[in-house]
1. Every residue in region B:89-102 that is in contact (Cβ under 8 Å) with a residue 40 or more places away in the chain and facing chain A (nearest Cβ under 9 Å), please.
2. Out of all the residues in region B:36-58, is one or more away from chain A (no Cβ under 11 Å), without any contact (Cβ under 8 Å) to a residue 60 or more places away in the chain and closer than 30 Å to residue A:4 by Cβ?
3. With the requirement that a residue be within 8 Å of another protein chain (Cβ to nearest Cβ) and not in a helix (DSSP H, G or I), what does region A:2-43 give you?
4. How many residues does region A:44-60 hold that are assigned to a helix (DSSP H, G or I) and out of contact with any helix residue (DSSP H, G or I) (no Cβ under 8 Å at 6 or more places or on another chain)?
5. Taking the condition crowded, with 21+ Cβ neighbours inside 10 Å and touching a helix residue (DSSP H, G or I) at 6+ places or on another chain (Cβ under 8 Å), does residue B:151 pass?
6. Can you pull out the residues in region B:217-243 that are away from chain A (no Cβ under 12 Å) and either under 16 Å from the mean Cα position of the chain (by Cα) or part of a loop (DSSP other than H, G, I, E, B) (or both)?
7. All but one of (1) closer than 30 Å to residue A:136 by Cα; (2) at pLDDT 90 or above; (3) surrounded by fewer than 20 Cβ atoms within 10 Å (Cβ to Cβ) hold for residue A:80; state the number of the condition that does not hold.
């Protein structure tokens, strides 16, 4: 029994990798070959699709736009959530528990419900089709998550540290940036990872809040699918490239990922 | 931890409050507004009261979507939670292979949802996709674009593929927090594998599993992009879950009153289930 234990994760990983392999396999085929029938490997290996994506501005600007609003969202979410999480972890104040649950309820708001009102809201304040609009809209689910995770990490730091620092004559901003933030450094990293992740994978809001200037990669992919027939090779290559930023981020935070949610307390 | 009473802490929460309120309250009010009004066009609206709500609640279409939504969510939870726990238990506890497992398993979580849908759309095709081709090669007649049952199966398999890793990561984090001495003590007492799981591992995982179940419930209840790209809700209505139906009503038919009333019912249901779950587990933890 125990000797075969490695089989369980191995089989699971094979199950996870097969669709990704299939995407990779298709991205190196021509569209004709893909539609031509079933094959395990590309018969005529081509990187044409990748060349097209990296040379055509309508394609690569999609990636740049996506990364721009995801980065902006991560910065906004973490920097706004830091003081709030500190307040929740250190103080009791009027309505704190209700506020915390209310924040969490926004994590439950289905984006499908909000797509249309969001469009009206951001058009009326003149932010439609900007990176900032998408970054702000994604705060709806990322800020509650960031507060949730950071509060968990902060509660793990003994309060005596705060008190000693104040006795030593530290002002609050200096204490917070010089002493406290380094202590919860890994927590900030994990929070940033989850904000990046949920903003990167969400495409419904990102698509409905943009048209030309800030169009995310998803919108470019759908448009290609509809205008030039199904260029499957190109779509597969574009899909493979959307996996890469995530893979890089995972590699850097691999030791902290698992801790992230576990440290935040419900 | 003993917290100090300090109402000035509100100032620290204020920025978050403003930004979330802008995003949550304004659109929610818009939806509420639409849900009680009707229009003849030209932005002329008049009050309709609860007509849309009673219409939605009585409609066959809503009942159908709701039923499909609940059975999808229930199936997903029933598969992903035990599977995730089992995989986390079998994973190496430390070292090189643990890192490899974590990195590879986290990969599906970071793929944009529309790409997940598009990927499975092709992967499951019976003529050129590995899954569809493989199943037919095994002698199972499978075509998710034609058979409702096959479409249903594909949506569930896709979700298991996409999200089980989240449960694994959380359960794994819970297991990591168990002190080695507990296992040693259990070994000395001659505890069975099951007893170790039931009395040492499960209690330690309880907290993270709560988070896992909550997150999986919320996210599977809101699921839209992946099944929409995969099947478009078809064949027929067989994979039209709540949010797909909602977007159809709002953007496809531009039936704002109905769509808004549906949104509110939908949101209240999610809220209710999460609140119930949250309260029950919190009480369990206290006693």
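The values are calculated or read from the model by the stated rules, or taken from the named source; none is laboratory data. It should be emphasised that the depicted structure is a prediction, and the values quoted were computed from it without experimental measurement. Every residue, glycine as well, gets a Cβ built from its backbone with ideal geometry; the counts of neighbours run over all protein chains shown.
1. Applying the first criterion (in contact (Cβ under 8 Å) with a residue 40 or more places away in the chain) to region B:89-102 yields B:89, B:91, B:93, B:102.
Of everything in region B:89-102, those that are in contact (Cβ under 8 Å) with a residue 40 or more places away in the chain and facing chain A (nearest Cβ under 9 Å) turn out to be B:89, B:91, B:102.
2. No, the conditions are met nowhere in region B:36-58.
3. A:5, A:6, A:37, A:38
4. Here the count works out to 3.
5. Answer is yes for this residue.
6. B:232, B:233, B:234, B:235, B:236, B:237, B:238, B:239, B:240 - these are the residues of region B:217-243 that are away from chain A (no Cβ under 12 Å) and either under 16 Å from the mean Cα position of the chain (by Cα) or part of a loop (DSSP other than H, G, I, E, B) (or both).
7. Tallying (1) closer than 30 Å to residue A:136 by Cα; (2) at pLDDT 90 or above; (3) surrounded by fewer than 20 Cβ atoms within 10 Å (Cβ to Cβ), residue A:80 fails exactly one: (3).
Residues are listed down the side, and each one gets a yes or a no for (1) under 30 Å from residue A:42 (Cβ atoms); (2) surrounded by 21 or more Cβ atoms within 10 Å (Cβ to Cβ):
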| residue | (1), (2) |
| --- | --- |
| B:96 | no, no |
| B:112 | yes, yes |
| B:138 | yes, no |
| B:170 | no, yes |
| B:179 | no, no |
